[in-house]
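Notes follow once the structure below has been shown.
Only the coordinates and a few stated rules stand behind these numbers; no lab work does. On a predicted model such as this, the values are computed, not experimentally measured, just so you know. Every residue, glycine as well, gets a Cβ built from its backbone with ideal geometry; the counts of neighbours run over all protein chains shown.
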Amino acid sequence: MSSVSNVIVCSECFADQGLKLDAEQIGIEEIGVCPNCSNAKGRKLSISELFELAHRFFVWGSILRCKYGAVPLIQFNEHQKTSIDFSPWLKPDVEIFERLLGIGFFDYGPRLWMIGEVEPLKALQATKKRLSIVERIISEYPKRVIEPHEAFYRIRKNPKKPSNPLEYDSPPSDHSCKGRLETKTNPVLYASQDLQVCVHECRVTAEDELYVATLKPKRSLKFLDLSILLEEENVTEFESLDMTVHMLFFATKHSYKITRNIAIMAQDAGFDGIVFPSYFSLLRIGVMPFQTVYGISHRIIPELQESESNKAIPNLAIFGRPIERGDITIECINKLILNRVSYDIHFGPIR
Ligand SMILES: [Zn+2]
């Protein structure tokens, strides 16, 4: 707990309700009056926590998702005066940040890679150039072997016969073709070692009857691992294959044509499946997507690469119908009950 002397504001200092609630989350309970508003009941924040609040509310809170990538619309620093006309209820709060931190808020002009101006990614979107980039992905990403002792999970909602092992195989081909990696002729079994990710990826609701199968491979399975951070030498974000794959798996349905193509070619190259970063990874660990320092991606800064690579929670996609084929066995089937759903929320200003 920080001492009273470090406190410079409290959650009660703020008028904007979202900002006040964010301040309550970041601040700590401490006895004494606030040096800024003289109120005693707010949760107290130090200077570094006030910076954290500015980043969470204004930068992370203004993030706009693009077709590929995402950018915050607002930034702040010590060199600029505020040049944004904020809502009337937020203006007095902005003055607190300006006065105590010496910062100004401004409209952020992103470096263009943040909105998908990445050469290999652009080539993937052009049908004629796609093949050579997919070939690069398959040859430059590493192989990962999942051994027979390594268990993973597969969730089914509303199966007809929950005890039937085949219910947990890839869906029959008439159901296929909705997801990221399967096609009509190439069904895919999705699984993960992280049960929370399975629940999210299944888009379950409270009304669904849920079952979870614990699965194990019968033989060593060979995967193309796209969940890692690919360390590239002397490459900017604009030419990065790592950024390409990272953005591809963060994107929604419009990217599936490309990811399905990767799956087909990986299967042709002899892989049993693909390990890919979960779309829900960032939600699961609660961090801002596409973090940068002065417009440079954390992914290409050597000191930050380890923490960046830990952000991806791997998902497994196994080609064909591996349970029917006998490559995967069912260790156990359980009913799964959702007893509490809670969302970790934070706020941002309107623009
Ligand atoms: Zn206060």
Query raised in the report: Mind checking which of 132, 227, 309 has the largest fluctuation in a GNM of the chain, springs on alpha carbons under 10 Å?
Result: 132
Requested in this report: Please find, in a Gaussian network model of the chain (springs between Cα atoms separated by less than 10 Å), the residue of 148, 120, 72 whose mean-square fluctuation is greatest.
Outcome: 148
**Report entry** the chain: antiparallel DSSP beta bridges as a percent of all, rounded to 5
**Finding:** 95
Query raised in the report: When all alpha-carbon pairs of the stretch 4-110 are counted, what percent fall beyond 17 Å?
Result: 52
**Report entry** Packing rank of 219-226, 293-300, where each peptide gets the mean count of other beta carbons within 10 Å, highest leading
**Finding:** 219-226, 293-300
Query raised in the report: Which part of the stretch 195-210 falls in the paramagnetic zone of residue 344, meaning amide N under 17 Å from the point 7 Å along Cα-to-beta-carbon?
Result: 195-201
Report summary line: The simple spin-label model distance between residue 117 and residue 129, using points 7 Å out along Cα→Cβ, in nm, is 1.4
Query raised in the report: Distance in nm between label sites at residue 288 and residue 164, each 7 Å beyond Cα in the beta-carbon direction?
Result: 5.0
**Report entry** Anchor residue 20: lysines whose Cα lies under 29 Å away (excluding residues fewer than 8 positions away in-chain)
**Finding:** 41, 44, 81, 91, 311
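Given the stretch 188-256, report the % of alpha carbon pairs whose separation exceeds 21 Å.
48
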**Report entry** Separation of the residue 238 and residue 196 label points, Cα + 7 Å toward Cβ, nm
**Finding:** 3.8
Report task. Find the relative contact order for the chain and round it to a whole percent, using C-alpha pairs within less than 8 Å whose residues are 6+ positions apart. Result -> 20
**Report entry** Largest-first ellipsoid semi-axes for the chain, taking √(5λ) over the Cα gyration tensor eigenvalues, angstrom
**Finding:** 43, 26, 17
**Report entry** Sequence ranges 75-86, 329-340, ranked by mean other-Cβ count within 10 angstrom, highest first
**Finding:** 75-86, 329-340
**Report entry** Computed FRET value (nearest 0.05) for residue 95 with residue 207, which takes r as the C-beta separation and R₀ as 41 Å
**Finding:** 0.30
Report task. Could you tell me which of the pairs 184/218; 67/129; 178/257; 122/253; 67/122; 143/218 are separated by over 22 angstrom between their Cα atoms in the structure shown? Result -> 184/218
